[in-house]
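The values are calculated or read from the model by the stated rules, or taken from the named source; none is laboratory data. In this text, all values refer to a predicted model and were calculated from it rather than measured experimentally. Using ideal geometry, Cβ is built from the backbone for each residue, glycine included, and neighbour counts are taken over all protein chains shown. Quick note on the areas: whole protein, heavy atoms, side chains included, nothing else; ligands and nucleic acids left out. Shrake-Rupley method; radii C 1.70, N 1.55, O 1.52, S 1.80 Å.
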Amino acid sequence: MGNKEDIRYLLQTVDKLTEMRRRYRDDKRLYGEISVARQCVYDCAMEIPLKDGKADD
């Protein structure tokens, strides 16, 4: 899987977490935890370089 595919997968996960967050908007604790997870996944996606290949760790 190349970097673009990884980024696409993570952003799709962000979309799914956004949907979940809407469903649980009445549960403040769960809403907050999903929001944190969503932001972490988004931040990870933005850290991946766009060029294909392995990123240096």
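Would you check if LYS4 is in contact (Cβ under 8 Å) with a residue 40 or more places away in the chain and among the charged types (D, E, K, R)?
Details: in contact (Cβ under 8 Å) with a residue 40 or more places away in the chain: yes; among the charged types (D, E, K, R): yes.
Yes, satisfied.
The rows are residues; the columns are (1) at pLDDT 95 or above; (2) out of contact with any Phe, Trp or Tyr (no Cβ under 6 Å at 6 or more places or on another chain); (3) open to solvent by 100 Å² or more (accessible area, probe 1.4 Å).
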residue: GLY2; (1), (2), (3): no, yes, no
residue: ILE7; (1), (2), (3): yes, yes, no
residue: ASP15; (1), (2), (3): yes, yes, no
residue: MET20; (1), (2), (3): yes, yes, no
residue: ARG23; (1), (2), (3): yes, yes, yes
residue: ASP26; (1), (2), (3): yes, yes, yes
residue: VAL36; (1), (2), (3): yes, yes, no
residue: TYR42; (1), (2), (3): yes, yes, no
residue: ALA55; (1), (2), (3): no, yes, no
